[in-house]
Structures are given as C-alpha cells and as structure tokens.
C-alpha cells in the first residue's frame, strides 16, 4: 500500500504545474490535495446502489396486490382490470425465475382468481392454465409454500365443472386436499379449503372440526390482510356448518 502511494505521489508530481520549481513541501501538499480528490467523493457524485428486486420481494408484492383485489376491491370492473394486470406481472415473475416453483404457484392462484372474477365458460381457459402451472410447480418442488400447490389443486378440481365441460373431479380434489394437510396440517388455507369442500359434499361434522382447527392457525408473516380475510371467511362458513348441524 505504501509503495502504491509513493508511485501515485510521483505520478502526480510529474503532472503538477511548474513541478520543477516546486519545493518538496509544496509538492507534498499538492499530492495530498489530489489524493483527497481521488478517495473522497462528495454526496453529489456518489451514485446510490440500485435496489435489486429479489424473487421473494416480487412474490410478496403479488400476494399483497392479489389480497387487495380479492378482499378490498368491491367494484367488479376494477377487479376485472386489476386482476388482469397482475396476471401479466405474475407471468413476468415466473419468466424471470425459471426452475422455481413459488412464482408458478402464485401465477396459478392469480389466474384462478381471475377465472372466478370473470366467471362463465370463458374462464375455463384460465383454470386449465392454472392447473398446468401447479402441476409444473409440483414437479419442481411439491412442498413449496407449505403445501399450497395441493391446496390450490384441490380447490380447482372441486370448483371447476366435470366432464364433458371441464376437468373437475371431486375424488381427485379430496386426494389433493389430503396431500396439502399432510404437509401443512395447521394452516389456515389448507383447513379452510378442505372444510369448504367437506361442506359442499355434505360432511358437516368433519367440516366443522376442520374449520375449527384452521381458526387456530398462526398468521402468515407478510400477508396479514389475506390471513385476516381468510379467518373471517372461515368463521362465516363455520356458522353455516353449525346451522346445518342444528
């Protein structure tokens, strides 16, 4: 380091105006000023480092936008436009992170929600695309997002019409829900989705115990809005179940 400083001083001394006539003290002072200009930058000259958006950052943003659209956007036209916009964002995040299951799962969830919002047979294409994305994610990491792949597949298979219209299949849905609960037995989403399925199937006693178990789940960090809304949905469905059991 000392050798480098000496070489720098000699180099700057050569460049110093009237260097031959300068005293040693003047030369040292000149070099010190030049050296300070090299190693000290003013705030105006410092470019702040760019923030790199990670995959987790991008997914958290998608989660938040999805929750706002699903639970806090009552206007149907606004819902339609907003879910279409974040569906494109989700596709971009998946494309930016090849070989990762998590973006595919959230892209599928958003497409499935888009199908719910738009409704009708025209939504079947989004449901089929969502299913294919989830099956692709399963091949990469079946346990990604704590079993959310299987929770989402179960919901798709029981909500989509069956043959000859769609791919819906209650038996297949039940198998997926059981896989989800095997991975995440205490999750609010896995228990709500299975409880809703059991309610629709008329198994009210099991639906009741499943929904009650889900209400004991801990909130997910980072997506409190979705968890709180899901808890409210669970309570409302549990009231319906209790009415059936009277």
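Bear in mind these aren't lab numbers, they're just calculated from the coordinates by the rules spelled out. Note that the coordinates shown come from a computational prediction; the quantities given were computed from them, not determined experimentally. All Cβ positions, even for glycine, are placed from backbone atoms using ideal geometry, and neighbour counts span all protein chains on display.
Were the residues from residue 84 through residue 96 laid out at 0.36 nm apart, the gain over their Cα-Cα distance would be 2.4 nm. Computed as a quarter of the hull surface, the mean projected area of the alpha carbon convex hull for region 77-132 stands at 3.5 nm². When you restrict to C-alpha pairs under 8 Å that are six or more residues apart and normalise by the size of region 55-244, the relative contact order lands at 16 percent. Given their separation in residues at 0.36 nm each and the Cα-Cα distance between them, residue 201 and residue 245 gain 14.4 nm when the chain is fully extended.
Remark: spin-label model distance residue 163-residue 212 equals 3.9 nm, labels positioned 7 Å along the Cα→Cβ axis. Panel order for 66, 163, by other beta carbons found within 10 Å of each beta carbon, from fewest to most: 163, 66.
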